[in-house]
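The block underneath contains the structure these notes are about, expressed in structure tokens.
Nothing in this text is a laboratory measurement; each read-out follows from the coordinates by a stated rule. What you are looking at is a predicted structure, and each value in this text was computed from that prediction instead of being measured. We place every Cβ from the backbone using ideal geometry, glycine too, and count neighbours over all the protein chains shown.
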Amino acid sequence: MNLFFKSMIAIVIVGSSFAFTSIQNEGLEVTYGVSADNPSSIELRLNKDFSVNYQDFSNPKQKIKVQGTYTLKNRKVQLTSQDASPSFHDKWKFSEEGTKASSRKGLAFYTLSKK
């Protein structure tokens, strides 16, 4: 009888721990970019189906245009390219309010505003 109660309590505890687990099955629908008068034309577009479009035309000799997917954890996003594209800013952090996206790749720091 004692074993029965202990196993029932263990089942309730394990079951209740799964009840509070957050499952993210829908992504964001948001676009971040530089101001319209900035010639670098950097844009990060995240879609609800976890697809991403990223472009960085800050270097006219090496324009970067990437399509792929992303993973979201807390306020951080990891981009994954579908093709073998050149090195790009693939890790982004969002501000508390979600109005800014920031990234660092080597000595290049980017901050994009929500459009």
| request: Please sort 72-84, 34-46 by packing, taking for each peptide the average over its residues of neighbouring beta carbons within 10 angstrom, highest first. | output: 34-46, 72-84
| remark: For Lys61, counting only lysines whose alpha-carbon sits under 19 Å away and dropping same-chain residues fewer than eight positions off, the answer is Lys105
| query | Hey, of (i) 8.5; (ii) 10.9; (iii) 10.3, which did the structure itself give for mean projected area of the Cα convex hull in nm² when calculated? | reply | (iii)
| Mean residue ellipticity (222 nm) of the chain, computed from DSSP H runs ≥ 4 via -39,500 (n - 2.57), nearest 500 | -5500 deg cm²/dmol
| field | For the stretch 69-80, Karplus couplings with θ = phi - 60° (6.51, -1.76, 1.60), whole Hz, Gly/Pro x | value | 10, 9, 10, 10, 9, 6, 10, 10, 10, 10, 8, 10
| remark: Lys and Arg at +1, Asp and Glu at -1: neighbours of Lys115 with Cβ under 11 Å from its Cβ sum to +1
| note | If every Lys and Arg gets +1 and every Asp and Glu gets -1 at its Cβ, then about the Cα centre the chain yields a dipole, in debye to the nearest 20, of 300 debye
| query | Against the longest alpha carbon principal axis of the chain, how many degrees, from 0 to 90 and to the nearest 10, is the axis of helix 2-19 turned? | reply | 20 degrees
| Relative to the present Cα-Cα distance, how much length would full extension add between Ser40 and Thr111 at 0.36 nm per residue of separation? | 24.3 nm
| field | Total formal charge among the other residues, if their Cβ is under 11 angstrom from that of Gln78, Lys/Arg +1 and Asp/Glu -1 | value | +3
| task | List the aspartates and glutamates whose Cα lies under 12 Å from the Cα of Lys115, skipping any in the same chain that are fewer than 8 positions away. | result | Glu29, Glu43
| task | Take every Cα pair under 8 Å in the chain that's 6+ residues apart, average their separations, divide by the length, and report that relative contact order as a whole percent. | result | 17 percent
